[in-house]
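Engineer: Take a look at this one; I'll ask things after.
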Amino acid sequence: MRGRFVSVTILVVAVVLALAGCGQRITAEEIVARMQETLESTQDAHAIVTGQATGQDMDLSATVEVWEQAPNKIRAQVLDASEQRLLGAIMVTDGSQGWYYEPAGNRAMVGKPGDVEMPLPEEILLSMQDTIQQVLDVTDVELAGEEAVAGREAYKLILTPKQGSELEAVNGTATLWVDKEQWIVLKATFEAVGMAQGSMEVQSFELNPGLPGDLFTFEVPEGVEVVEVEAEDPVSLSLDEARAQAGFGLLVPGYVPEGATLVEVFKIGESIILRYNHSAQVAFTVIQGPELAGPPPIGATEERTVRGQAATVVADEAGGNTFLYWTENGVTITVAGHIGLDEAIKVAESLQ
């Protein structure tokens, strides 16, 4: 599910910016411009990057080897990871087809690049170019000096979210060390106040090494289960149609925050989604289906009791976001979005 309010910001500088960016005093704006010039002039690249993200209930780390070829080909292989199931995992896309192979599960998912779901860091790496531009567009950059990283001279930049940007609610800052000769990020750290922190460091890199095109295709090993993935488009429904098609007793909130209204009902796969909107301060969904609709956002979790059932909460108090989910009568129910925890629980308890 979209709206995982910490996952992108935790590792966006921890892994994604590893390939970003291509002797006098230089400004922060000029450094960013050089980075963009290098990014635009780089036809292919190869790097080994280590990254990690930590929080109250999270401790993730990985070393990933990455190959990229403009405009949209990428290959990534996990060399080491704190989660054993990710060891040796490979993600490949040639721009039109995507593969994700996880040796631990002896399974390969095949489909269009946007349809194949992958865990971090592969998911972030797949959208590397767009994510880099998004971060640079919504942050203010300050030159904080010069330091050596892995024996190379680098400029130290501090990034803070611009006022009114989507990242402002995260209340975090990033520090980048940009190579003075090649204009790529050699090291980066990120910290969101009271939530989580991440870091990355480039172990080695090559720009424009002339990568062969067949590197961006993947032949599934013999004996591996192949899962063909095809994204399902949402189907708009009326509330009565949703009740008829749900296949279970669809629950509807008896309480919503003042001013919030039901603006859309739709079905994706076997899940029914009720979307409520009021303002920038209140916008949430109620999702019901046989399983959790997408992975929960990364962040500190808290256990609660909702409707007599054990429930899990991932809350971002600073940003005002909540992800609350539990299973009831074989149906997984989620209340998530830009809504406070107390209000989300009220909505959940009022379902009928």
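The values are calculated or read from the model by the stated rules, or taken from the named source; none is laboratory data. The structure displayed is predicted, hence computed values, not measured ones. So basically every Cβ, Gly included, is an ideal-geometry build from the backbone, and we count neighbours across all protein chains shown.
Engineer: Of 281, 288, 309, which residue is modelled with pLDDT of 90 or more and surrounded by fewer than 20 Cβ atoms within 10 Å (Cβ to Cβ)?
Structural biologist: Working: 281 fails: modelled with pLDDT of 90 or more; 288 fails: surrounded by fewer than 20 Cβ atoms within 10 Å (Cβ to Cβ).
So the residue among 281, 288, 309 that is modelled with pLDDT of 90 or more and surrounded by fewer than 20 Cβ atoms within 10 Å (Cβ to Cβ) is 309.
Engineer: Just a yes or no: is a residue in the range 43-63 of a type in the set (A, V, I, L, M, F, W, C), in the same structural domain as residue 181 (by TED's automatic domain parsing), farther than 30 Å from residue 314 by Cα and in a helix (DSSP H, G or I)?
Structural biologist: There is no residue in the range 43-63 that is of a type in the set (A, V, I, L, M, F, W, C), in the same structural domain as residue 181 (by TED's automatic domain parsing), farther than 30 Å from residue 314 by Cα and in a helix (DSSP H, G or I).
Engineer: Which of the following residues is at pLDDT 90 or above, surrounded by fewer than 20 Cβ atoms within 10 Å (Cβ to Cβ), assigned by TED's automatic domain parsing to the domain that holds residue 253 and more than 16 Å from residue 254 (Cβ to Cβ): 332, 301?
Structural biologist: Result: 332 is the single residue among 332, 301 that is at pLDDT 90 or above, surrounded by fewer than 20 Cβ atoms within 10 Å (Cβ to Cβ), assigned by TED's automatic domain parsing to the domain that holds residue 253 and more than 16 Å from residue 254 (Cβ to Cβ).
Engineer: Residue under question is residue 250, and the condition is that it be farther than 30 Å from residue 159 by Cβ and either at pLDDT below 90 or not assigned by TED's automatic domain parsing to the domain that holds residue 50 (or both); does it hold? Even if it seems obvious, please write down each step before you answer.
Structural biologist: Working: farther than 30 Å from residue 159 by Cβ: yes; either at pLDDT below 90 or not assigned by TED's automatic domain parsing to the domain that holds residue 50 (or both): yes.
For residue 250, the condition - farther than 30 Å from residue 159 by Cβ and either at pLDDT below 90 or not assigned by TED's automatic domain parsing to the domain that holds residue 50 (or both) - is met.
Engineer: Suppose the filter is at pLDDT 90 or above and assigned to a loop (DSSP other than H, G, I, E, B); does residue 23 pass it?
Structural biologist: In short, no.
Engineer: Report every pair of residues separated by at least 6 positions or lying on different chains whose Cβ atoms are under 6 Å apart, first residue within the range 304-327 and on the phi < 0 side of the Ramachandran plot and of a type in the set (Ser, Thr, Tyr), second in a strand (DSSP E or B) and modelled with pLDDT under 85.
Structural biologist: Taking only residues 6 or more apart or on different chains, the pairs are 312/301; 322/315.
Engineer: May I ask you to verify whether residue 162 is at pLDDT 90 or above and assigned by TED's automatic domain parsing to the domain that holds residue 149?
Structural biologist: Working: at pLDDT 90 or above: no; assigned by TED's automatic domain parsing to the domain that holds residue 149: yes.
No; evaluated as a whole, the condition is false for this residue.
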